[in-house]
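The values are calculated or read from the model by the stated rules, or taken from the named source; none is laboratory data. What you are looking at is a predicted structure, and each value in this text was computed from that prediction instead of being measured. Glycine also receives a Cβ, built like all others from the backbone with ideal geometry; neighbour counts cover every protein chain displayed. Note: areas computed on protein heavy atoms with side chains; ligands, DNA, RNA excluded. Shrake-Rupley method; radii C 1.70, N 1.55, O 1.52, S 1.80 Å.
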Amino acid sequence: ELDRFGEDLDEYRSQLFKKEYLPRVQGFAKVRELFQRLKNDGKQIVLASSAKADELDAYKKIARVDDLIESETSSDDADKSKPYPDIFQAALARLKDVAPENAIVIGDTPYDAQAASKANLATIGLLCGGWTKEELRRAGCSAIYLNAEDLLLHYDTQFGSPGATKNKG
């Protein structure tokens with residue numbers, strides 16, 4: 001049935017979400033400040049989202065980060081969605097001279113960690129996505145924080161030295 005109705009169902013879901021729910025979406029606390037800290041430390045930021053490009057534009061505005069990123073990838077840039085690595089491979093290709101071992105994914109689902117692992121990327125997990133610490137750890141997160149604000153609070157511990165991956169819990 002997905003072959004027959006999948007495309008129509010996806011379009012219906014997308015339009016319903018944009019009309020009924022997207023206007024009520026709010027950004028998480030301290031996301032902009034976390035991005036700003038990363039930028040101030042000379043780190044490149046590429047958003048790697050499974051969202052469609054037009055939805056990603058809305059999310060960047062909601063989070064107030066559109067001026068802080070170097071590039072982005074969306075579902076339009078990948079053949080397969082997470083947990084496949086396509087989206088992270090596309091994001092890595094957009095970074096300037098960064099090897100996988102020098103990049104870190106920050107995600108809030110097990111699918112983020114699974115996809116990142118397949119692209120040879122480490123993942124920091126955030127619990128604000130609704131998954132448990134155990135689920136994120138099983139998926140491969142090397143460190144787990146409550147949300148962007150918690151990661152920002154522990155920024156020096158997490159990113160204080162090259163390759164640091166201190167585990168909060």
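Accessible area per residue for the stretch 47-118 in Å², computed with a 1.4 Å probe and the full protein assembly in place, what is it?
Heavy-atom SASA per residue in the stretch 47-118 reads 52 Å².
What FRET efficiency do you get for Asn120 and Leu2 if R0 is 30 Å and r is their Cβ-Cβ distance, rounded to the nearest 0.05?
E(calc), rounded to 0.05, equals 0.45.
Between their Cα atoms, which of Lys96/Lys133; Lys19/Lys96; Lys19/Lys133; Lys19/Lys43; Lys52/Lys133; Lys19/Lys80 are more than 30 Å away from each other?
Flagged as over cut-off: Lys96/Lys133; Lys19/Lys96; Lys19/Lys133; Lys19/Lys43.
What number, in nm² with one decimal, is the all-direction average of the projected area of the convex hull of the alpha-carbon atoms of the stretch 67-143?
That works out to 5.3 nm².
Using 1/(1 + (r/R0)^6) with R0 = 22 angstrom and r between the beta carbons of Leu9 and Asp79, what's the FRET efficiency to the nearest 0.05?
The formula returns an efficiency of 0.65 here.
Taking 8 Å as the Cα distance limit and 6 or more residues as the minimum spacing, I'd like the relative contact order of the stretch 33-169 as a percentage.
Worked out over the stretch 33-169, it gives 17 percent.
Per residue of the stretch 111-123, in order, report the coupling 6.51 cos²θ - 1.76 cosθ + 1.60 (Karplus, θ = phi - 60°) as ³J(HN,Hα) in whole Hz, putting x for Gly and Pro.
The phi angles translate into 5, 4, 5, 5, 5, 4, 4, 5, 9, 6, 10, 7, 10 Hz.
Hey, if you drop one equal point scatterer on each alpha-carbon of the chain and run the Debye formula without solvent, what base-10 log of I(q)/I(0) do you get at q = 0.14, 0.16 Å⁻¹?
-0.76, -1.00
Within the stretch 58-127, which GluC sites (Glu not before Pro) sit in a loop by DSSP and count at most 16 neighbouring Cβ atoms inside 10 Å?
Loop-located and lightly packed - Glu70.
How many percent of the accessible area of the chain is carbon or sulfur, using a 1.4 Å probe?
Using a 1.4 Å probe with all protein chains present, the chain comes out at 49 percent carbon and sulfur.
Whose amide H sits under 5 Å from the amide H of Ile144, counting only residues 5 or more places off or on another chain, with H placed in the peptide plane?
Here Gly125, Lys168, Gly169 satisfy the definition.
Rounded to whole Å, give me the distance from the Cα center of the stretch 54-101 to that of the stretch 111-131.
After rounding, the separation between the Cα centres reads 14 Å.
If you bin the C-alpha pair distances of the stretch 1-74 every 5 Å from 0, what whole percents do you get?
3, 14, 20, 21, 15, 10, 7, 5, 2, 1
Which order do the peptides 115-125, 18-28, 48-58, 32-42 come out in when sorted by mean C-beta neighbours inside 10 angstrom, highest first?
115-125, 48-58, 32-42, 18-28
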